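The values are calculated or read from the model by the stated rules, or taken from the named source; none is laboratory data. On a predicted model such as this, the values are computed, not experimentally measured, just so you know. Note: ideal-geometry Cβ built from the backbone for every residue, glycine included; neighbour counts use all protein chains shown.
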Amino acid sequence: MEISDLAKYFELSENALNYLGKALASAAAGALIAHIMHIVRKRIPARLSWGLKEHRTSVFVLATSAKVDTGEYIRYSSGIGQIRAVGILVPGFIRAYKTINSSNVLLSEELPEIYCGRDLIVIGGPKNNKLTEDLLKKMDKLPYTMVGNQIINRISNTKIKGVIKNGFVTEDYGLIIKTRNPYNREARCLIIMGTHTYGLDAAATAFVENLSKLSYLFVSDYVCLVKASVSGHYVGKPKILDFRKIKNGDDETLNLFSAEMDEEAS
């Protein structure tokens with residue numbers, strides 16, 4: 001091989017390496033930009049929506065629906081409503097924080113008292129969730145609460161519950177409260193409730209879908225009433241009936257304003 005041929009060979013090799021290097025750099029830059037865009041479009045809004053202080057130690061507390069004596073130990077269990085709600089909420093939590101500590105998913109009857117000062121995600125109404133009952137007692141000035149399986153509007157003094165026809169739920173209601181944790185004002189508290197299984201499903205869906213939209217992201221403390229139609233076991237898109245911001249994040253004052261809305265989840 002002549003010297004001129006060698007020179008051309010090395011020149012071509014160098015050009016190929018330069019091209020390959022630029023292609024790899026471009027691909028890496030593209031991947032980095034895509035990752036940044038994912039964080040900006042998905043993770044940051046999701047984190048704003050959840051608004052937790054210490055997500056690594058946050059606790060999911062499910063209602064306790066049954067207590068069974070096995071003869072060797074007492075076994076607690078939850079209901080289908082809580083399972084459906086967890087199935088809706090956990091993907092949203094992972095979207096925000098990438099992982100979840102399964103050992104921090106507990107039933108209300110098994111919750112150590114020391115955990116009450118952490119960030120709390122409480123699922124289920126006061127009828128079967130003792131923690132929900134205790135928290136609602138400490139939030140006695142909010143415009144909405146729950147007693148048994150009924151949502152109470154304290155302003156109009158009306159009771160709200162699901163509609164049952166011919167033995168089937170055809171319309172159900174849910175309530176979402178997001179505010180400071182009454183046990184520890186530096187921590188956060190999210191309560192998801194429903195008048196029946198389907199209202200709980202609707203409330204969880206509304207939190208993940210409706211309330212993660214830009215118009216809600218910067219409202220850190222609120223009470224939200226939702227409604228959904230039910231057909232068999234299928235829950236329709238939740239509709240926000242009432243959204244009330246807690247202005248100063250303090251449940252001990254009635255410093256609220258109302259922003260009634262009529263918006264379906266999309």
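GLY92 satisfies every condition listed in (1) crowded, with 17+ Cβ neighbours inside 10 Å; (2) touching a strand residue (DSSP E or B) at 6+ places or on another chain (Cβ under 8 Å); (3) not in a loop (DSSP other than H, G, I, E, B) except (2). Looking across region 158-170, the residues that are within 21 Å of TYR234 (Cβ to Cβ) and either surrounded by 19 or more Cβ atoms within 10 Å (Cβ to Cβ) or of a type in the set (S, T, N, Q) (or both) come down to GLY162, ASN166, VAL169, THR170.
Scanning region 203-236 for residues that are out of contact with any Gly (no Cβ under 9 Å at 6 or more places or on another chain) and either surrounded by fewer than 16 Cβ atoms within 10 Å (Cβ to Cβ) or outside the structural domain of VAL163 (by TED's automatic domain parsing) (or both) yields a count of 8. Taking region 125-218 as the region of interest, the helices (runs of 4 or more DSSP H) fully inside it that hold 3 or more residues being more than 20 Å from the chain's Cα centre (by Cα) are 130-138. Taking each residue of region 137-165 that is within 18 Å of ASP221 (Cα to Cα) and in the same structural domain as ALA63 (by TED's automatic domain parsing) and looking for partners that are exposed (fewer than 15 other Cβ atoms within 10 Å of the Cβ) and among the charged types (D, E, K, R) with beta-carbon atoms closer than 7 Å, six or more apart or interchain, yields LYS141/GLU252; PRO143/ARG154; TYR144/ARG154; THR145/ARG154. Within region 220-266, restricting attention to residues that are at pLDDT 85 or above and in a loop (DSSP other than H, G, I, E, B), which residue is nearest to GLY81 (Cα to Cα)? That would be HIS233. For the criterion of being surrounded by fewer than 15 Cβ atoms within 10 Å (Cβ to Cβ) and closer than 21 Å to ILE240 by Cβ, ILE192 fails.
Restricted to region 49-89, and to residues that are touching a Ser or Thr at 6+ places or on another chain (Cβ under 8 Å) and in a helix (DSSP H, G or I), which residue is farthest from CYS189 (Cα to Cα)? Among those that are touching a Ser or Thr at 6+ places or on another chain (Cβ under 8 Å) and in a helix (DSSP H, G or I), it is ILE80.
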